[in-house]
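The values are calculated or read from the model by the stated rules, or taken from the named source; none is laboratory data. For clarity, every value in this text was computed on a predicted model and none was experimentally measured. Please note: Cβ atoms are built from the backbone with ideal geometry, for glycine as well, and neighbour counts cover all protein chains shown. These area figures cover heavy atoms from the full protein model, side chains too; ligands, DNA and RNA do not enter into them. Shrake-Rupley method; radii C 1.70, N 1.55, O 1.52, S 1.80 Å.
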Amino acid sequence: MEDQAIVELYWQRSDRAIAETEQKYGRYCHKIAWNICMNCQDAEECVNDTWFRAWNLMPDKRPAALPGFLGGITRNLAIDRYKTKNRKKRGGGETELALEELSDCIPAALDTERSFEQREFQRAIGSFVESLSETEQQVFTARYYFLAPVAEIGEKLHFSQSKTKSMLLRLRRRLSCYLQEEGLW
Amino acid sequence: MVDAYFLLYAMNGIKEEQISAARALLEGGAKPRRFNPGARRALLIAAVLVGLLAVTACSAILFSMSQRRAEPEERFAVSFRSGEQLITGQWQAGLVLEFQGAEECAAVHFKPGWLPFPVEKNHPYPIEEGWYTTLVSEHVPDAERPEDLRGKTQAFMATVYYAPQFADGGALLILDQSPGQVEEETWGALQVLKYHTAHTDPESREQENNYLILFSPAEGWIIAVRGRADMETLEHIARELEVEPTGETVKSSDFQNKYAFMDVVVG
């Protein structure tokens, strides 16, 4: 079923909306949640919560890109869940690794109340990624949006792990510079 | 306080187009690419230079290098391994390169884009295919050289060093060879030293070598390209090196010795 037709089902409050969404995007959302939570049950619950959240948001929202809309919801739910469960313990997994990597991009003592809000960071990151080459965009987004393992990204691009890691390191440095230039820290 | 979660959430600012492209990559794979070999080389060099300039443009200059002739009475506590044996001693030096700056920097490796002679298969210790921290060619270009020296002297070698090793009063040295005039150049973001050395080895053989030192004041790495090859050849090798971080960090404390030497070895 076409995405616009699925969105229309939500707007009509049709029972088929969630079933059609699950059939088309269940695996995609599960993969996003799994990369973050690394736990089947948590991933499953995040996906189910995504359908529930989408049901509550449409209407009023009419997303232009359904996979991005659903993936964003799943991603936020999964990060929330991961953060809550891992507040006191340090586990392995891609989320922990990505968090460690990203911690290089901002000073440890940066105060959120000082001069910016989350949406400013989102805008800056969106612009930063747009400024990258096509391959860099794919590598950065695969790693820090989808939290895909470095090995998987490298394999897809026919890059060595070392080359992928190096590219990510350079991109984080550039991001750090970019955030500074934007006056965000 | 901002933590890395904050940035992780902020990745939701990535535009739908890029998310879709990354999703397509993860679900499928990269589109096959074709390179024009000539264009690829040009792009490679440009990418290195642009990358270096970009890093410098937004980074503070974290390291500095200075060079001087050693005083005649000056001695340096140098140790090195020869086979299984650790050799230590107080050594005289010809040229002293001193560094100041941070106590750590990103480790790098390099990939040669052009080589005039084959490199040694069992000596360069490649980290991964095509990427090196040490590269050696023992090809001897001079057919007139004594037979017992053939294969024993490096036509060229390239080695990575790091400024943090020398930051605490140490130095990168030329021990046995006294250089002629040291030329200083700037290649984009890199500081470059070029000089020629001549000396007589213990078996009374005249040895002449060229040295080209690449130094990144922004990133703290040093790559010494040197050997019997002429300076034009070394410069061609150096200009076509692709340098990139390995993802590891090098710290002053990683090094037992705050001195290192870059002499081209005979025998």
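Points worth noting:
- Scope segment B:208-218; condition crowded, with 19+ Cβ neighbours inside 10 Å and either in contact with a His (Cβ under 6 Å, 6 or more places away or on another chain) or at pLDDT below 90 (or both); matching residues: B:209, B:210, B:217, B:218
- Exactly one residue out of B:91, B:131 is modelled with pLDDT of 80 or more, farther than 27 Å from residue B:182 by Cα and surrounded by 14 or more Cβ atoms within 10 Å (Cβ to Cβ): that is B:131.
- Within segment A:121-133, being at the interface with chain B (Cβ under 7 Å from one of its Cβ atoms) and either free of Cβ contacts under 8 Å to residues at least 12 places away in the same chain or open to solvent by 60 Å² or more (accessible area, probe 1.4 Å) (or both) holds for A:122, A:123, A:126, A:130.
- Odd one out for residue A:138 among (1) closer than 21 Å to residue A:103 by Cβ; (2) buried (at least 21 other Cβ atoms within 10 Å of the Cβ); (3) facing another protein chain (nearest Cβ under 7 Å): (1)
- Any hit, segment A:71-80, residues being at pLDDT below 90 and of a type in the set (Ser, Thr, Tyr): no
- Applying a threshold of 8 Å to beta carbon distances and a minimum spacing of six or more residues, or different chains, the list of pairs starting in segment B:227-252 at a residue that is assigned by TED's automatic domain parsing to the domain that holds residue B:174 and in contact (Cβ under 8 Å) with a residue 24 or more places away in the chain and ending at one that is assigned to a helix (DSSP H, G or I) and of a type in the set (D, E, K, R) reads B:240/B:41; B:244/A:163; B:244/A:170; B:245/A:170; B:246/A:165; B:247/A:165.
- In segment A:151-171, the residues that are among the acidic types (Asp, Glu) and under 19 Å from the mean Cα position of the chain (by Cα): A:152
- Some residue of segment A:148-168 being modelled with pLDDT of 85 or more, closer than 22 Å to residue B:105 by Cα and of a type in the set (Lys, Arg): yes
- Per-region count, segment A:148-185, residues part of a helix (DSSP H, G or I), among the small types (Gly, Ala, Ser) and surrounded by fewer than 17 Cβ atoms within 10 Å (Cβ to Cβ): 1
- Residues considered: A:70, A:57. Of these, the only one that is open to solvent by less than 70 Å² (accessible area, probe 1.4 Å), of a type in the set (A, V, I, L, M), within 17 Å of residue A:28 (Cβ to Cβ) and more than 10 Å from every other protein chain (Cβ to nearest Cβ) is A:70.
- Test: residue in segment A:14-36 that is assigned to a helix (DSSP H, G or I), within 14 Å of chain B (Cβ to nearest Cβ) and among the polar types (S, T, N, Q): yes
- Checked against the criteria, residue A:80 does not count as more than 23 Å from residue B:27 (Cα to Cα) and open to solvent by 80 Å² or more (accessible area, probe 1.4 Å).
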